[in-house]
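K.L.:
Once you've had a glance at the structure underneath, I'll fire off some questions.
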Amino acid sequence: MIQRECGVLKTSYEADMALYPLPIAKWTVAILAVLFFAVIPLSLHEYYLSIANLVWIAVIGALGLNILVGYTGQVSIGHGAFMSVGAYTAANLATRLDSPWPVNLLAGGLMAAAVGAVVGIPSLRIKGLYLAIATLAGQLIIEWTINHVTFISGGVQASIEVPRPRLGTMVLSSQRDMYFFLLVFVVLAIVGTMNLVRSRVGRAFIAIRDQDIAAEIIGIDIFRYKLLAFAISSFYAGMTGVLYTYFLGIANYEQFQIGVSIDYLAMIIIGGLGSVLGSIFGAIFVTLLPIVIRLGMEAFGGLFLPQQVVLNLIPNLRLMMFGALIVFFLIVEPDGLNRLWRNIRSYFRIWPFAY
Amino acid sequence: MRQFVIGLLAALVALTGALGTVSPGAAQEIVIGLQCDRTGPTQIVGTVLCPGFHDYIGLVNSKGGVEGRKLRALEIDHEYKVPPAVESYERHKKEGAVTMAVYGTPQIYALAAKLTEDRIPGTSPGFGSAAAADGIRYPYIFPIAATYWSQGTAAVHFAKQQLGGSLKGKKIAFIFYDNPAGREPIEVLEDLAASEGFQLRMFAVPPPGVEMGAQILDIAQRFRADFVISHLFGGAPSVSIKELKRVGYPLRKVIGFVWASAEANIEAAGGFAAAEGYYTMQFAGVGTDYPVLDEIREMYKKQGKPAPKEMASTVYYNRGVLIAALHVEAIRNALKASKDGKITGVDVKNGFEKISNFTLGGLVPPLKITPADHEGGGLVQIWQVKGGKFEKVTDWYAAYTDVVAKHIKKAASK
């Protein structure tokens, strides 16, 4: 009743190919745009905006990983390393050549794409768990290389400070400025991914995921498309690394270690493999969950236990609850938050009827 | 079933509503932002250091606070990861923290730019960027304890004393954790190797630092080092002690940097008897024999509670007390200099730069923090594992300060 799919008639090819053909979808997108572009940044405190910035960065990274793991079916534990490649490329360009941030962003993404394609070469021969180990090797090798090659790392500390991005004469330094800066790229990433997966390349990816031998037989060059998947996914990862560097003001490979790769895998698994909305949900969930748990514990814990015990309990409980909630969600809905949302949506599609 | 669920939801809503009216503390409280690592690779440190911090703040509050104002230490755990550390920094800022006790080398690197922009002083005692000792270049970063460069020079000085006054022709092995924090002292050690004439070889231990059999064998039997300087942290120091014992290398020729030097490390290595002879470097006093610790025990007795078990792990606990004490001194200086009792991060920064001759009964070295020198002199003490406990070997000293100053200047010019 709420979502009317009938009576929506299109008279041009553009209308037919639109991302959101239904009026309710158009309205929802408009409302969300107003919410995220106007309401949230102008009403929330800088602390909450900093959390939102962390979420946006995670969304871009999760989208990239979902293209590789969810749509192409290539398991990869190397995402963190590609982020650090992008971060260090941008940091080196910014400090050595004083290049402006668009150049750094693009260069970081392209360098990460190149490295990602190289790390993805084993995907021709191996699949699944074996490919995961090969990409893990890529992650560790890239980490070690950055750690030891001082040309890349900029010294023993392996930290490079980058100047804040400038837009004309304005320097983007506060969390609010960063919020808008990141939101633009998040929108670009989401729209890009949504268009990618319904294009020819995206269909090739899905074919490779589902039945790669059949895909090869009908003429899809799977080696080329697998490398393209790695490259595109690593481009997203490189962008994430560069944006994270600009967010923090410093590039340091210790922020992109294997724990981060696992975090992103957790994001897309919880959110839902093979869906754009799933990546977004997963990124929001995994980034916000520790913070929400901590806030909850701080609010409630003081009632039952003395302060010292609460302090010791909060971080440990946070880790436990994080794991427990992940397990809980995967039991309740193995296909992720995306499927949960789809179920709710299809319920309301024919509401108030039951079927 | 449905009624039960509705009842539960109503109860939760009521509870949240009740809590919403509970406001934290007095309006005149001064907030200190504390970062900790109670669950993470260095939890062996965090689970003891942070209670020490809180206990000192509790002691100060129980005596009426600083210049009549109570303190509140807001602790947020970050599991040694950077994004939670950034988020906790923003949270502390929101709560109005005037000073931050940062924890972790990647964290202080990540927050350095933000601390300087927001003009809130952050401390990084015993870890972090050694170049940050330069107070002019990094006005809001305070190492307030010997940085890795000062620890390196102090270790070489101690080795020189132990090897008969001269290092010419001797062989020193530097075993370290292979990450930026671990590699920081290398340039200073190489400098000293050139000037003192000893042969220095590096032995890198890859993370997570539990496999070093090959390196230890190399040190003991191939390189045959005359002295070993060990810069490991987390779970690695105990492994190194065990491995050195296994190959038969005498532990009295080994000195560990400040994070390889706690009771927990010795106990994990098999106990004090097993680690007999091991030298440790400390930047805070060791043991329970300090007046401030007695006062803390008194405070707990007055509350009718036993002294916390973390006090037994004196190395890290005392460091927590030291860090808290220095923050409190800076706040005290800031409050004394402020006319209307309102202080900001800038005031506390100036307060830090006035600290000198504050020793807390010997727990804190006689640091002298100035606007140019945020390290305070790079003072360390050496304690040895002897007869089942730590025994003091030297008093507070700093070595080769000219070499360290030269490197700081070189780093600042980059």
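The values are calculated or read from the model by the stated rules, or taken from the named source; none is laboratory data. Being a predicted model, the structure only gives us computed values, none of them experimental. Neighbour counts are summed over all protein chains in view; Cβ atoms, including those assigned to glycine, are modelled from backbone coordinates with ideal geometry.
K.L.:
Does the range A:140-161 hold any residues that are touching a Gly at 6+ places or on another chain (Cβ under 7 Å) and within 9 Å of another protein chain (Cβ to nearest Cβ), and which are they? I'd like the intermediate steps shown before the answer.
P.N.:
Initial filter on the range A:140-161 (touching a Gly at 6+ places or on another chain (Cβ under 7 Å)): A:160-161.
Passing the criteria: only A:GLU161.
K.L.:
Exactly one condition in (1) buried (at least 24 other Cβ atoms within 10 Å of the Cβ); (2) under 26 Å from B:ALA325 (Cβ atoms) is false for B:VAL292; which is it?
P.N.:
B:VAL292 satisfies every listed condition except (1).
K.L.:
Further question: Kindly list the number of the only condition in (1) more than 16 Å from the chain's Cα centre (by Cα); (2) modelled with pLDDT of 90 or more; (3) hydrophobic (A, V, I, L, M, F, W, C) that fails for B:LEU326.
P.N.:
Condition (1) is where B:LEU326 drops out.
K.L.:
Here is a further query. From A:ILE268, A:ILE206, which residue is within 25 Å of A:TYR20 (Cβ to Cβ) and crowded, with 24+ Cβ neighbours inside 10 Å? Quick ask: steps written out before the conclusion?
P.N.:
Working: A:ILE206 fails: crowded, with 24+ Cβ neighbours inside 10 Å.
Testing whether each residue is within 25 Å of A:TYR20 (Cβ to Cβ) and crowded, with 24+ Cβ neighbours inside 10 Å leaves just A:ILE268.
K.L.:
Could you grab me the full set of residues in the range A:189-210 that are out of contact with any helix residue (DSSP H, G or I) (no Cβ under 9 Å at 6 or more places or on another chain) and either closer than 16 Å to A:THR240 by Cβ or not in a helix (DSSP H, G or I) (or both)? Break it down stepwise before answering.
P.N.:
Going through the range A:189-210, the residues out of contact with any helix residue (DSSP H, G or I) (no Cβ under 9 Å at 6 or more places or on another chain) turn out to be A:191, A:198-200, A:210.
Answer for the range A:189-210, where residues must be out of contact with any helix residue (DSSP H, G or I) (no Cβ under 9 Å at 6 or more places or on another chain) and either closer than 16 Å to A:THR240 by Cβ or not in a helix (DSSP H, G or I) (or both): A:ARG198, A:SER199.
K.L.:
Cβ-Cβ under 8 Å, sequence separation 6+ or interchain: first residue in the range A:124-153 and more than 23 Å from B:GLY182 (Cα to Cα) and in contact (Cβ under 8 Å) with a residue 24 or more places away in the chain, partner assigned to a helix (DSSP H, G or I) and among the basic types (Lys, Arg). Which pairs?
P.N.:
A:LEU124/A:LYS226
K.L.:
Scan the range A:87-105 and report the pairs whose first residue is among the β-branched types (Val, Ile, Thr) and whose second residue is assigned to a helix (DSSP H, G or I), with Cβ atoms within less than 6 Å and a gap of 6+ or a chain change.
P.N.:
A:THR89/A:ALA107; A:THR89/A:GLY108; A:THR89/A:MET111
K.L.:
On the given criteria, is B:VAL403 closer than 24 Å to B:THR280 by Cα, crowded, with 21+ Cβ neighbours inside 10 Å and in contact (Cβ under 8 Å) with a residue 40 or more places away in the chain? Please lay out each step first, then the result.
P.N.:
Numbers: closer than 24 Å to B:THR280 by Cα: yes; crowded, with 21+ Cβ neighbours inside 10 Å: no; in contact (Cβ under 8 Å) with a residue 40 or more places away in the chain: yes.
Considered against the rule, which asks whether it is closer than 24 Å to B:THR280 by Cα, crowded, with 21+ Cβ neighbours inside 10 Å and in contact (Cβ under 8 Å) with a residue 40 or more places away in the chain, B:VAL403 comes out as no.
K.L.:
Further question on the same structure: Quick one: count up the residues across the range A:106-123 that are surrounded by 24 or more Cβ atoms within 10 Å (Cβ to Cβ) and either free of Cβ contacts under 8 Å to residues at least 60 places away in the same chain or not in a helix (DSSP H, G or I) (or both).
P.N.:
Number satisfying all stated conditions: 1.
K.L.:
Taking the options B:ARG252, B:ARG222, name whichever one is without any contact (Cβ under 8 Å) to a residue 40 or more places away in the chain, of a type in the set (D, E, K, R) and assigned by TED's automatic domain parsing to the domain that holds B:ALA399. Quick ask: steps written out before the conclusion?
P.N.:
Values: B:ARG252 fails: without any contact (Cβ under 8 Å) to a residue 40 or more places away in the chain.
Going through B:ARG252, B:ARG222 in turn, just one is without any contact (Cβ under 8 Å) to a residue 40 or more places away in the chain, of a type in the set (D, E, K, R) and assigned by TED's automatic domain parsing to the domain that holds B:ALA399: B:ARG222.
K.L.:
Now a separate question. Is it fair to say A:PHE348 is assigned to a helix (DSSP H, G or I) and among the aromatic types (Phe, Trp, Tyr)? Show your work before the answer.
P.N.:
On the way: assigned to a helix (DSSP H, G or I): yes; among the aromatic types (Phe, Trp, Tyr): yes.
For A:PHE348, the condition - assigned to a helix (DSSP H, G or I) and among the aromatic types (Phe, Trp, Tyr) - is met.
K.L.:
Does the range B:42-100 hold any residues that are assigned to a strand (DSSP E or B) and either under 28 Å from B:ALA113 (Cα atoms) or within 7 Å of chain A (Cβ to nearest Cβ) (or both), and which are they?
P.N.:
Keep residues of the range B:42-100 that are assigned to a strand (DSSP E or B), which gives B:66, B:69, B:71-77, B:97-100.
Passing the criteria: B:LEU71, B:ARG72, B:ALA73, B:LEU74, B:GLU75, B:ILE76, B:ASP77, B:ALA97, B:VAL98, B:THR99, B:MET100.
K.L.:
Can you confirm whether B:ALA113 is out of contact with any Ser or Thr (no Cβ under 9 Å at 6 or more places or on another chain), surrounded by fewer than 24 Cβ atoms within 10 Å (Cβ to Cβ), within 12 Å of another protein chain (Cβ to nearest Cβ) and among the aliphatic types (A, V, I, L, M)?
P.N.:
Details: out of contact with any Ser or Thr (no Cβ under 9 Å at 6 or more places or on another chain): yes; surrounded by fewer than 24 Cβ atoms within 10 Å (Cβ to Cβ): yes; within 12 Å of another protein chain (Cβ to nearest Cβ): yes; among the aliphatic types (A, V, I, L, M): yes.
In short, yes.
K.L.:
Working only within the range B:388-398, note down all residues that are touching a residue at least 60 places away in the same chain (Cβ under 8 Å) and either under 10 Å from B:ALA131 (Cα atoms) or surrounded by fewer than 20 Cβ atoms within 10 Å (Cβ to Cβ) (or both).
P.N.:
Start the filter on the range B:388-398 by keeping residues that are touching a residue at least 60 places away in the same chain (Cβ under 8 Å), which leaves B:388-390, B:392-394, B:397-398.
Within the range B:388-398, B:GLY388, B:LYS389, B:LYS392, B:VAL393, B:THR394, B:TYR397, B:ALA398 meet the criteria.
K.L.:
Among the residues of the range B:171-184, is there at least one that is surrounded by fewer than 20 Cβ atoms within 10 Å (Cβ to Cβ), free of Cβ contacts under 8 Å to residues at least 12 places away in the same chain and outside the structural domain of B:THR314 (by TED's automatic domain parsing)?
P.N.:
Step one: filter the range B:171-184 for residues surrounded by fewer than 20 Cβ atoms within 10 Å (Cβ to Cβ), giving B:171, B:178.
Retained after the next criterion (residues that are free of Cβ contacts under 8 Å to residues at least 12 places away in the same chain): none.
Among the residues of the range B:171-184, not one is surrounded by fewer than 20 Cβ atoms within 10 Å (Cβ to Cβ), free of Cβ contacts under 8 Å to residues at least 12 places away in the same chain and outside the structural domain of B:THR314 (by TED's automatic domain parsing), which makes the answer no.
K.L.:
I've got another one for you. Name the residue, out of A:TYR225, A:TYR244, A:TYR236, A:TYR264, that is at pLDDT 90 or above and at the interface with chain B (Cβ under 10 Å from one of its Cβ atoms).
P.N.:
Values: A:TYR225 fails: at the interface with chain B (Cβ under 10 Å from one of its Cβ atoms); A:TYR236 fails: at the interface with chain B (Cβ under 10 Å from one of its Cβ atoms); A:TYR264 fails: at the interface with chain B (Cβ under 10 Å from one of its Cβ atoms).
Just a single option satisfies the conditions, and that option is A:TYR244.
K.L.:
Next question. Suppose we keep only residues that are closer than 24 Å to B:LEU217 by Cβ and buried (at least 18 other Cβ atoms within 10 Å of the Cβ) within the range B:194-203. Which one would you say is nearest to the chain's Cα centre (by Cα)?
P.N.:
Step one: of the range B:194-203, the residues closer than 24 Å to B:LEU217 by Cβ are B:198-203.
Then keep just the ones that are buried (at least 18 other Cβ atoms within 10 Å of the Cβ); that gives B:198, B:200, B:203.
Values: B:PHE198: 29, B:LEU200: 26, B:PHE203: 24 Å.
Among them, the one singled out is B:PHE203.
K.L.:
Residues being of a type outside the set (Val, Ile, Thr) and either within 12 Å of another protein chain (Cβ to nearest Cβ) or part of a helix (DSSP H, G or I) (or both): count how many of those fall in the range B:128-155. Reasoning before the result, please.
P.N.:
Initially, the range B:128-155 is screened for residues of a type outside the set (Val, Ile, Thr), giving B:128-135, B:137-140, B:142-143, B:145-146, B:148-152, B:154-155.
Checking the rest, the ones that are also either within 12 Å of another protein chain (Cβ to nearest Cβ) or part of a helix (DSSP H, G or I) (or both) come to B:128-133, B:137-138, B:148-152, B:154-155.
Residues in the range B:128-155 being of a type outside the set (Val, Ile, Thr) and either within 12 Å of another protein chain (Cβ to nearest Cβ) or part of a helix (DSSP H, G or I) (or both): 15 in total.
K.L.:
Looking at B:GLY68, B:GLY126, which is the one that is under 17 Å from the mean Cα position of the chain (by Cα) and in the same structural domain as B:ILE296 (by TED's automatic domain parsing)?
P.N.:
Details: B:GLY68 fails: under 17 Å from the mean Cα position of the chain (by Cα).
That would be B:GLY126, the only listed residue that is under 17 Å from the mean Cα position of the chain (by Cα) and in the same structural domain as B:ILE296 (by TED's automatic domain parsing).
K.L.:
Does A:VAL171 satisfy being within 12 Å of chain B (Cβ to nearest Cβ), under 16 Å from A:PRO102 (Cβ atoms) and surrounded by fewer than 14 Cβ atoms within 10 Å (Cβ to Cβ)? Show your work before the answer.
P.N.:
On the way: within 12 Å of chain B (Cβ to nearest Cβ): yes; under 16 Å from A:PRO102 (Cβ atoms): yes; surrounded by fewer than 14 Cβ atoms within 10 Å (Cβ to Cβ): yes.
Answer is yes for this residue.
K.L.:
Being among the polar types (S, T, N, Q), under 18 Å from the mean Cα position of the chain (by Cα) and part of a loop (DSSP other than H, G, I, E, B), is that true of even one residue in the range B:341-351? I'd like the intermediate steps shown before the answer.
P.N.:
First, pick out the residues of the range B:341-351 that are among the polar types (S, T, N, Q): B:344, B:350.
Right, trim to under 18 Å from the mean Cα position of the chain (by Cα) and you get none.
Scanning the range B:341-351 turns up no residue that is among the polar types (S, T, N, Q), under 18 Å from the mean Cα position of the chain (by Cα) and part of a loop (DSSP other than H, G, I, E, B).
K.L.:
Let me ask you something else. Looking at (1) more than 20 Å from B:ASP77 (Cβ to Cβ); (2) surrounded by fewer than 23 Cβ atoms within 10 Å (Cβ to Cβ); (3) within 13 Å of another protein chain (Cβ to nearest Cβ); (4) not aliphatic (A, V, I, L, M), can you tell me which one A:TRP341 breaks?
P.N.:
Here A:TRP341 meets the rest and fails (3).
K.L.:
May I pose another question? Would you mind listing the helices (runs of 4 or more DSSP H) fully within the range A:1-94 where at least 3 residues are within 14 Å of chain B (Cβ to nearest Cβ) and surrounded by 24 or more Cβ atoms within 10 Å (Cβ to Cβ)?
P.N.:
On the way: elements: A:13-16, A:23-34, A:40-43, A:46-66, A:79-92.
Filter on the range A:1-94 gives A:46-66, A:79-92.
Residue by residue, here is whether (1) modelled with pLDDT under 90; (2) closer than 27 Å to A:HIS79 by Cβ; (3) touching a strand residue (DSSP E or B) at 6+ places or on another chain (Cβ under 7 Å) holds:
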{"site": "A:TYR20", "(1), (2), (3)": "yes, no, no"}
{"site": "A:ILE24", "(1), (2), (3)": "yes, no, no"}
{"site": "A:VAL29", "(1), (2), (3)": "no, no, no"}
{"site": "A:ALA33", "(1), (2), (3)": "no, no, no"}
{"site": "A:ALA38", "(1), (2), (3)": "no, no, no"}
{"site": "A:GLU46", "(1), (2), (3)": "yes, no, no"}
{"site": "A:ASN53", "(1), (2), (3)": "no, yes, no"}
{"site": "A:ILE57", "(1), (2), (3)": "no, yes, no"}
{"site": "A:GLY61", "(1), (2), (3)": "no, yes, no"}
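K.L.:
Let me ask something else. Scanning the range B:14-41 for residues that are closer than 26 Å to A:LEU319 by Cβ and assigned to a helix (DSSP H, G or I), which turns out modelled with the highest pLDDT?
P.N.:
The extreme case among them is B:LEU15.
K.L.:
Residues of the range B:295-312 being crowded, with 20+ Cβ neighbours inside 10 Å and either touching a Leu at 6+ places or on another chain (Cβ under 8 Å) or at pLDDT 85 or above (or both), which ones?
P.N.:
If we filter the range B:295-312 for residues that are crowded, with 20+ Cβ neighbours inside 10 Å, which is where we start, we get B:296, B:310-311.
B:ILE296, B:MET311 - these are the residues of the range B:295-312 that are crowded, with 20+ Cβ neighbours inside 10 Å and either touching a Leu at 6+ places or on another chain (Cβ under 8 Å) or at pLDDT 85 or above (or both).
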